[in-house]
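The values are calculated or read from the model by the stated rules, or taken from the named source; none is laboratory data. In this text, all values refer to a predicted model and were calculated from it rather than measured experimentally. Note that we place each Cβ from the backbone using ideal geometry, even for glycine, and neighbour counts take in every protein chain shown.
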Amino acid sequence: MLRHSSRNRKRHYSVGRLDYAATSKLQIYGSYLWSPESVWGSLPTRDPRIPAPTNDLSIQGGYTPSQAVNTGATYSVTPNFILSARYGYKYLNDKGSNYGIPNGSLYRLPGIGSDWRAHSGRAPALRTSATRSKTIRDMTTRHNVYLDGTYITRLFGQQHTFKVGYALNRVGNDVLADYPNGNFLIYWNDAFTRGSFTTNQKGTYGYYTWEDGVKNNSQVHGRNQGFYIQDQWRVHPRVT
């Protein structure tokens with residue numbers, strides 16, 4: 001039986017920026033980017049060994065929020081001495097595949113044991129539905145801070161532009177994904193071995209494993225810093 005499946009993906013973009021001259025020496029700006037994505041429908045797997053899913057793929061999909069904020073300021077201490085500061089924040093919650101996921105247990109048959117291989121020469125992978133895993137959240141955040149100073153002067157009749165800068169970046173990821181009501185892996189006619197305590201143990205038809213509760217719940221972040229100093233030296237009006 002042929003089944004028709006479709007998937008519709010739409011992404012929005014909205015950008016806004018505001019510049020403000022607070023004084024003749026101080027310039028301030030801010031910008032905002034809104035770029036979420038929506039998906040309606042899902043496509044079935046193309047693996048010929050896996051039967052068509054029994055769940056309704058048309059109600060699957062999800063919403064992925066995404067946004068970015070940037071702000072900064074430039075201050076002219078003197079015509080030859082300029083300070084600048086910038087801050088940026090980015091947010092992405094990559095959870096755009098959690099709509100319409102069934103709540104029942106997922107049963108999977110990764111591969112048939114030696115008896116099946118002796119008759120067919122291959123090991124099919126069977127499952128009760130396309131997926132049961134739900135991504136509750138997958139949030140990635142990034143904070144950026146940049147500080148710069150510029151000084152323009154002349155040394156021995158030649159122009160020098162000195163710049164000094166510092167950067168601080170922090171990236172974090174917060175993930176929560178789960179198999180509601182468990183994930184069962186059935187190993188037909190296979191034996192179970194775990195270290196030296198359990199070796200080649202099996203039941204009448206093999207064995208199964210049960211993954212219950214939260215599948216992935218973790219938070220991680222990293223921070224890095226950078227520093228630079230440079231000199232733009234104009235040796236000649238045509239040579240820098």
Hits in the stretch 169-181 (condition: in contact with a Ser or Thr (Cβ under 6 Å, 6 or more places away or on another chain), assigned to a strand (DSSP E or B) and either of a type in the set (D, E, K, R) or exposed (fewer than 15 other Cβ atoms within 10 Å of the Cβ) (or both)): Gly172
Some residue of the stretch 68-88 being at pLDDT below 85 and not hydrophobic (A, V, I, L, M, F, W, C): no
Residue tally, condition among the aromatic types (Phe, Trp, Tyr) and closer than 30 Å to Phe156 by Cβ, over the stretch 186-240: 3
Lone qualifier among Ser58, Ser97, Ser133 - being buried (at least 16 other Cβ atoms within 10 Å of the Cβ), modelled with pLDDT of 65 or more and of a type in the set (Ser, Thr, Tyr): Ser97
Residue within the stretch 225-235 that is in a loop (DSSP other than H, G, I, E, B), out of contact with any Ser or Thr (no Cβ under 6 Å at 6 or more places or on another chain) and more than 30 Å from Thr141 (Cβ to Cβ) present: yes
The stretch 155-168: number of residues that are of a type outside the set (A, V, I, L, M, F, W, C) and either assigned to a loop (DSSP other than H, G, I, E, B) or in contact with a His (Cβ under 7 Å, 6 or more places away or on another chain) (or both): 1
Unmet requirement for Val145, which otherwise passes all of (1) part of a loop (DSSP other than H, G, I, E, B); (2) in contact (Cβ under 8 Å) with a residue 12 or more places away in the chain: (1)
Residues of the stretch 182-210 satisfying the condition of being touching a residue at least 24 places away in the same chain (Cβ under 8 Å) and surrounded by 14 or more Cβ atoms within 10 Å (Cβ to Cβ): Gly182, Asn183, Phe184, Leu185, Ile186, Tyr187, Trp188, Asn189, Asp190, Gly206, Tyr208
